[in-house]
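To keep things clear, I will list the structure first and then write my remarks on it.
The values are calculated or read from the model by the stated rules, or taken from the named source; none is laboratory data. Remember, predicted model here, so these are calculated numbers, not experimental data. Note that each Cβ is placed from the backbone with ideal geometry, even for glycine, and that neighbours are counted across all protein chains shown.
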Amino acid sequence: KEVETQQKLANVVILATGGTIAGAGASTANSATYQAAKVGVDKLIAGVPELSQLANVRGEQVMQIASESITNDNLLQLGHRVAELADSADVDGIVITHGTDTLEETAYFLNLVEKTDKPIIVVGSMRPGTAMSADGMLNLYNAVAVASSKEARGKGVLVTMNDEIQSGRDVSKMVNIKTEAFKSAWGPLGMVVEGKSYWFRLPAKRHTMDSEFNIKTIKSLPDVEIAYSYGNVGDTAYKALAQSGAKAIIHAGTGNGSVSSRVVPSLQALRKDGVQIIRSSHVNAGGFVLRNAEQPDDKYDWVVAHDLNPQKARILAMVALTKTNDSKELQRMFWEY
Ligand SMILES: NC(=O)CC[C@H](N)C(=O)O
């Protein structure tokens, strides 16, 4: 009987990378001061025995780090492992436990490059497992529930935090400390409650099976950097980034991705030197940057990131630059993904 149930359940692999979901604090009152990336994947799985009712779960420790320290090499390593697992006939879904600081970047990266319709769910927590009202247990339970469901197939890389199912493309860490940290300007795709998912909308942008990018052909990622804008900003950071070898600079602009008149001449010069200039916005609730609004992008041969925040624009720019260095092609990709 037990063997029969196991056969009926989906096979889900949990790839652990660290973060607060694997964090530990000195006491139950330490919800904000603790060490991330301390608990191994086997202990994480053992901490939620209910997972075995949802799926046949096994874990792999891919890395054990706080996500602010993730490098492009780490991203590639994770991406290649996800692709191998997605290719195996005995894997139905993949869950990645991750620090929340760059979770949105990893989720978007995988959404662009993984050629599979199997569910890939990225999940983290805002409180370590040692704290009162820790959120990691339920977030992980929800992640495995969605990863083992047939309805989650073909919907791109997803994020399950705070009972919501978010698109890995859209979601962003909008507040820290609070457990409702992850939000999307376009709203969640659904909810997951008591292990059951309820869907309300679908992603409109190209992803996974419909993407022209494939992790299997990506051996390295080009250097793309971000420069932040504010009153009294100068061009020092932009020039330094270009000098250190950046192939593209994401302008984390004010408002509509606007560029200070003190910076414009330098960005024009950098573009003439071959550096791609990509205008995004760092407004908190979600930017919306349009071509030739605020700056004459056609004239300067710049690209706009549209609704992608600076850190997501960096991910798409890196992936796009593995295919093309043509600014028109880059702009097409920024509209389509
Ligand atoms: N809530 C968290 O996961 C933050 C912990 C850590 N800064 C990380 O991103 O890994």
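Structure notes:
- Members of the range 89-115 that are aliphatic (A, V, I, L, M), outside any strand (DSSP E or B), more than 16 Å from the ligand (Cβ to nearest atom) and out of contact with any Ser or Thr (no Cβ under 8 Å at 6 or more places or on another chain): Ala89, Val91, Leu110
- Residues of the range 202-212 that turn out to be farther than 16 Å from Ala107 by Cβ and surrounded by 12 or more Cβ atoms within 10 Å (Cβ to Cβ), as a count: 3
- Filter result for Ala37 (in a loop (DSSP other than H, G, I, E, B) and at pLDDT 95 or above): yes
- Leu221 touching a helix residue (DSSP H, G or I) at 6+ places or on another chain (Cβ under 7 Å) and without any contact (Cβ under 8 Å) to a residue 60 or more places away in the chain: no
- Of all the residues in the range 120-138, those that are within 13 Å of Gly23 (Cβ to Cβ), within 12 Å of the ligand (Cβ to nearest atom) and not acidic (Asp, Glu) number 9.
- Pairs, first under 14 Å from Glu164 (Cα atoms) in the range 134-150, second of a type in the set (Gly, Ala, Ser) and assigned to a loop (DSSP other than H, G, I, E, B), C-beta under 6 Å, six or more apart: Asp135/Ser125; Gly136/Ser125; Gly136/Gly129; Asn139/Ser125; Ala145/Gly195
- Residue in the range 282-290 that is closer than 22 Å to Asn111 by Cα, part of a helix (DSSP H, G or I) and in contact (Cβ under 8 Å) with a residue 40 or more places away in the chain present: no
- Residue match in the range 34-46 (condition: β-branched (Val, Ile, Thr), surrounded by 17 or more Cβ atoms within 10 Å (Cβ to Cβ), farther than 12 Å from Pro128 by Cβ and away from the ligand (no atom under 16 Å from the Cβ)): yes
- Scanning the range 310-329 for residues that are touching a strand residue (DSSP E or B) at 6+ places or on another chain (Cβ under 8 Å) and crowded, with 20+ Cβ neighbours inside 10 Å yields Pro310, Lys312, Ala313, Arg314, Ala317, Met318.
- The listed residue being farther than 19 Å from Tyr228 by Cα and either at pLDDT below 95 or of a type in the set (A, V, I, L, M, F, W, C) (or both), out of Val283, Val319: Val319
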